[in-house]
Amino acid sequence: MAVYQDVLSQVESLTADEQLQLLEDLAALVRQRVTSDRQQVSELTSDPLVGLFAGSIDLATKSEDILQQEITEKSGWTWKENHL
């Protein structure tokens with residue numbers, strides 16, 4: 001709490017223009033941090049390995065059911081009769 005009071009005291013000792021500049025600099029730092037965080041999230045979500053570990057934990061046991069749901073007549077998969 002003492003550190004907070006020291007910082008507040010120092011900010012109050014600044015001129016109005018200096019306080020405004022400080023606020024602008026802090027806002028720029030926050031924007032920079034948000035942009036950096038968004039870029040990191042974007043990089044993580046575009047990594048194919050993230051999807052591997054973010055999937056269902058029972059993927060192996062449900063794999064056949066999932067494939068059956070995804071393979072439909074409209075998907076292009078067909079069964080051709082063997083005409084021998």
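The numbers here are math on the coordinates, done by the rules we state, and not lab data. Keep in mind it's a predicted model, so treat the numbers as computed, not measured. Every residue, glycine as well, gets a Cβ built from its backbone with ideal geometry; the counts of neighbours run over all protein chains shown.
Per-structure values
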{"quantity": "Computed E for VAL41/GLN21 - FRET, C-beta separation, R0 25 angstrom, nearest 0.05", "calculated": "0.25"}
{"quantity": "Full-extension gain in nm, ASP65 to GLU81, via 0.36 nm per residue minus C-alpha separation", "calculated": "3.4 nm"}
